[in-house]
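Take a look at the structure below.
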């Protein structure tokens, strides 16, 4: 954790391990506190390491991560347990049309299943929406049913299929959430509620 000051937009504290929501919406648990915070230049090496561990040959090159943080730092967040990064979510906002993108979500294998992926996506999308996005999209491997399920529970819906999106044998589903779909917010734990 960096510093003691937190705001609901800049940092969100969540526990390490199975989270339990308290009355403030923060997560408390007997383990270490994990902070969801904006990515910083000082995170680049750790972020690159996590990306390589999660995505292997499809990991972003270091220079791309560097430029994403330089250009879209407000929309890129990390999960930090004070000893290192457990995960990240990279986002961006296109101006015309005002569409946000979740460009990457990665959580270390040993940290999965504790809600960090959900928290990271929520923070990234919240920031993108605050900056005026009318919808948010992402690309996901059609075989990654765990990720697809997570995104669906957050309010994303499959909106397209792109063969060879990341090159040969790297097809992707496009998933979308937002005002452009015209759906009413179904619940506070889904991203659709941010559009209200």
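The values are calculated or read from the model by the stated rules, or taken from the named source; none is laboratory data. Every value quoted in this text rests on a predicted model; they were computed, and no experiment measured them. Cβ placement follows ideal geometry from the backbone for every residue including glycine, while neighbour counts extend to all protein chains displayed.
Just to be sure I understand, how many residues within the stretch 156-188 are at pLDDT 95 or above and more than 19 Å from residue 104 (Cβ to Cβ)?
3
Tally time: how many residues in the stretch 73-112 are without any contact (Cβ under 8 Å) to a residue 24 or more places away in the chain and over 16 Å from residue 46 (Cβ atoms)?
4
Among the residues of the stretch 132-152, is there at least one that is exposed (fewer than 13 other Cβ atoms within 10 Å of the Cβ) and either under 13 Å from the mean Cα position of the chain (by Cα) or touching a residue at least 40 places away in the same chain (Cβ under 8 Å) (or both)?
No: zero hits.
Of all the strands (runs of 3 or more DSSP E) wholly in the stretch 1-120, which have at least 2 residues that are at pLDDT 95 or above and either within 23 Å of residue 176 (Cα to Cα) or touching a helix residue (DSSP H, G or I) at 6+ places or on another chain (Cβ under 9 Å) (or both)?
Here the list reads 33-38, 76-80, 85-94, 99-107.
Is there a residue in the stretch 53-69 that is crowded, with 23+ Cβ neighbours inside 10 Å and more than 12 Å from the chain's Cα centre (by Cα)?
no
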